[in-house]
Amino acid sequence: MLALIRLLRRHKYLLYMLSWRDITVKYKQSVMGFLWAILMPLLITSAGVLVKIALAQVTGGTVRFAAVLGVAVKSVPWAFFVSSIRSSTQCLSNNANLVTKIAFPRAVFPLSSVISQLFDAAIASTVVIAAWILSPVAITLQLAWVPLLIALLVIQVSGLALILSAANLFFRDVKYLVEVILTFAIFFTPVFYDTSMFGKRAWILMLNPVAPILEGLSNCIIQGHTPNLMWLAYSAGVSLLLGFAAPIMFQRLEPKFAESI
Amino acid sequence: MSEIVLEAKDLCKKFRKGEFYNSLRDLIPALAKRTVAGKQLADKEFWALRDLNFQIAQGEAFGVIGHNGAGKSTLLKHLCGILAPTSGELIVRGRLSALIEVGAGFHQDLTGRDNIYLNGTILGMSKAEIRSKFDEIVAFSELEEFLDTPVKRYSSGMYARLGFAVAAHVNPDVLVVDEVLSVGDYLFQRKSIEKMRQVMRSGTTVVFVSHNLPVVADVCQRAMLLENGKIISIGPTSDVVRAYVERGTSPPVSSDDKSVYVSRVTIRNANGVECAQFRAPERMIAEVEITANRAVQKLAIVIECRNDEMYGVFDTSTQRLGEKPVNLAAGERFVATFGLNLHLVPGAYHLGIYVYRYDTQENYDTRIPAGTFFVNTDTDVRGVAHLEPVVISQEKFGA
């Protein structure tokens, strides 16, 4: 991870330019860019609300605004996760002309994909934050957890982005595999539901390293209590592992990129 | 000798021929098959570069020539650090930048202005550097009016010009130049070559990888000829270019079975110094030596000049010039020295020499190319002949 940070510092302007390229192209029509950024979180939230209404029908409860906001809070990081993985998986193979023609650290490609998705997530967050401020949900000191949770998510996503972009360069069908997994991953991740609904078996869902982060966000923003520290430590462990191993793996494989693409 | 900035030590690169598994769909069944059958697939490997050893000094202009598939591009990618050698090493001291494919990394939807920044960064320039050179780059590309147009609307020539302009302003310690000098129209090419010279004058080491022999011969002091990944010849450019031209044509027929053969052709300048570069209309001296294996009579020598497309631009003979035919006894040698004023446009030219018996027109030996030389001019002239044009007057008359 240290190597990664060093690399980022040395090539921060390149990283900035590539992220800026993605963002500028997407936001050329500023209104459309904004709509793109909120489209996926909006759809996820709508689907989540549908699921909540169905559940309420069965159990005889009502859907409270806090529950809707809970889904919205989780929809933005989940959308960030999905779109980052999707775009970074293909970023090296899509930039084949650069990979085979010009020498510079290839890690800037997956990382800039993540950064430009982070920008989208920031735009979408403004909508969620506005809704949250207007809502009766209490603001507590637990909010202090939010930066840590986001950092863990970004590290996990960056690690996966490095691994998957390299994998897709060597095996072109990795992107189809990733696509299938991403399509159904939402059912294995507590976005529409809370893991507590599974009672004793909740731990199975928490094994998904993104789950403790999303649960944690909903805990500290909506419910106003501390995230489950044990599971958070587990997720942090996964982040650290990815943060260390992924850059090492990427740099080992890098010399083979140009001839394998 | 000044400092060595680029050095290859036993550089080797192995490639695999044919298709290899680049999808899991193919790999997994193949792995399964291999474990079941226990059979190893035969590796179809070949050497793209084999034991290259060379050194390039600070400030030198070095040419790399070779036919297609000789390993030029592979070497280039090693120089740039895109490919890693299989064994051996390649040492680069200082910042290296490559003019490989101009415009790689342009984004179609971004404007010319944005792409200058983007491409400059990709090529390794800092923000401040790009900013300070921005005007220079724009002026060089001659695209001032189109700066705010997305590059997808550019013509291919404009695209290449912008790409070249950015790449040429990187200011590296070592600059690697591929075929990019052939982008744009004639004027832009001249400008590009002029820019290269300027870069070289500033002390930058330049490595040219090219088919464009006149440019290599004109710009580089030393060169290297690659064939099948090996160095065939390395040394002064004129020697290497000669080796290249000779290998490109049919091998000279063994001289033993001929009655008389061309044994030596030497090209010199007016001062008698052996040389391959001329500035039109400089005088070239061509010394042609013929050797007789047995007694021959009434010999005449034809000298001709062909351009790079092997189109004949000039020919004459000793007989046509009014010289007496020559009689030679077995083992005798004869030297004819020709003087030619090179009223030619810039380019590469090949000498052709024939020895024949003038009355029966019997041809004894043919040597094409017997020598290669390069012509440059101070003025911008094109076509075939350099007529040393001048504008005598320019006047404007009222309506």
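Key figures for this structure:
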quantity	calculated
Candidate lysines - alpha carbon under 24 Å from A:Lys52, same-chain residues fewer than 8 apart omitted	A:Lys74, A:Lys200
Violating pairs (Cα-Cα greater than 28 angstrom) within the set B:Lys72/B:Lys127; A:Lys175/B:Lys13; B:Lys72/B:Lys258; B:Lys13/B:Lys33; B:Lys77/B:Lys127	B:Lys72/B:Lys127; A:Lys175/B:Lys13; B:Lys72/B:Lys258; B:Lys13/B:Lys33
Nonlocal amide H pairs with B:Gln58, under 5 Å, H built at 1.01 Å	B:Glu3, B:Ile4, B:Val5
Residue order, fewest to most surrounding Cβ atoms within 10 angstrom, among A:Thr89, B:Thr266	B:Thr266, A:Thr89
Net charge, B:Cys80 excluded, C-beta distance under 12 Å - Lys, Arg +1, Asp, Glu -1	+1
Modelled FRET efficiency - R0 56 Å, B:Arg294 with B:Ala30, Cβ distances, 0.05 increments	0.25
Cut-off 13 Å (backbone N to label point 7 Å along Cα→Cβ of A:Ile139), residues of the stretch A:203-238	none
Cut-off 15 Å between beta-carbons: net charge of the residues surrounding B:Gln198, Lys and Arg +1, Asp and Glu -1	+3
Karplus-derived HN-Hα couplings along the stretch B:165-171 (A = 6.51, B = -1.76, C = 1.60, θ = phi - 60°), whole Hz, x at Gly and Pro	4, 5, 4, 6, 9, 6, 6
Proximal aspartates and glutamates relative to B:Lys14, as straight alpha-carbon distance under 20 Å, when same-chain residues fewer than 8 apart are discounted	A:Glu254, A:Glu259, B:Asp43, B:Glu45, B:Asp51, B:Glu89, B:Glu227
Angle between chain A longest axis and helix A:229-253 axis [Cα atoms, degrees, rounded to 10]	10
Per residue, the convex hull volume that the Cα atoms of the protein assembly as shown enclose (Å³)	249
Residue-by-residue Karplus 3J(HN,Hα) for the stretch B:303-311, coefficients 6.51, -1.76, 1.60, Hz, glycine and proline x	10, 9, 10, 10, 7, 5, 8, 6, 7
Rg and Dmax of chain B, Cα atoms only, in Å	26.4, 94
Ranked B:Tyr154, A:Tyr193, criterion: other C-beta atoms within 10 Å, fewest first	A:Tyr193, B:Tyr154
Residue among B:Ser238, B:Ser141, B:Ser23 with the largest mean-square fluctuation in a Gaussian network model of chain B, springs linking Cα atoms under 10 Å	B:Ser23
Amide H partners (placed H, <5 Å) of B:Asp308, local residues excluded	B:Ala348
Loop trypsin sites (Lys or Arg not before Pro), the stretch B:294-328, which have at most 12 other Cβ atoms in a 10 Å radius of their Cβ (DSSP)	B:Arg294, B:Arg320
Per-residue Cβ neighbour rank within 10 angstrom, fewest leading, B:Arg382, A:Arg86	B:Arg382, A:Arg86
Under 17 Å from the Cα of A:Lys26 - lysines, other chains or at least 8 residues apart	B:Lys152
Compactness index (Cα Rg / 2.2 N^0.38 Å), the stretch B:44-108	1.27
Listed residues A:Ile155, A:Ile221, A:Ile102, most fluctuating in chain A (Gaussian network, C-alpha, under 10 Å)	A:Ile102
Among A:Gly159, A:Gly216, A:Gly33: highest mean-square fluctuation, GNM of chain A, C-alpha pairs under 10 Å	A:Gly33
In order through the stretch B:100-107: 3J(HN,Hα) via Karplus (6.51 cos²θ - 1.76 cosθ + 1.60), integer Hz, x for Gly, Pro	8, 10, 5, x, 5, x, 5, 9
Residue list for the stretch B:290-311, given a label point 7 angstrom along the Cα-to-Cβ vector of B:Ile368 and an amide N cut-off under 19 Å	B:300-311
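Any read-out appearing in this document is the output of simple, stated calculations on the displayed coordinates, not a laboratory observation. Keep in mind the model is a prediction, meaning the values are calculated, not measured. Note that we place each Cβ from the backbone using ideal geometry, even for glycine, and neighbour counts take in every protein chain shown.
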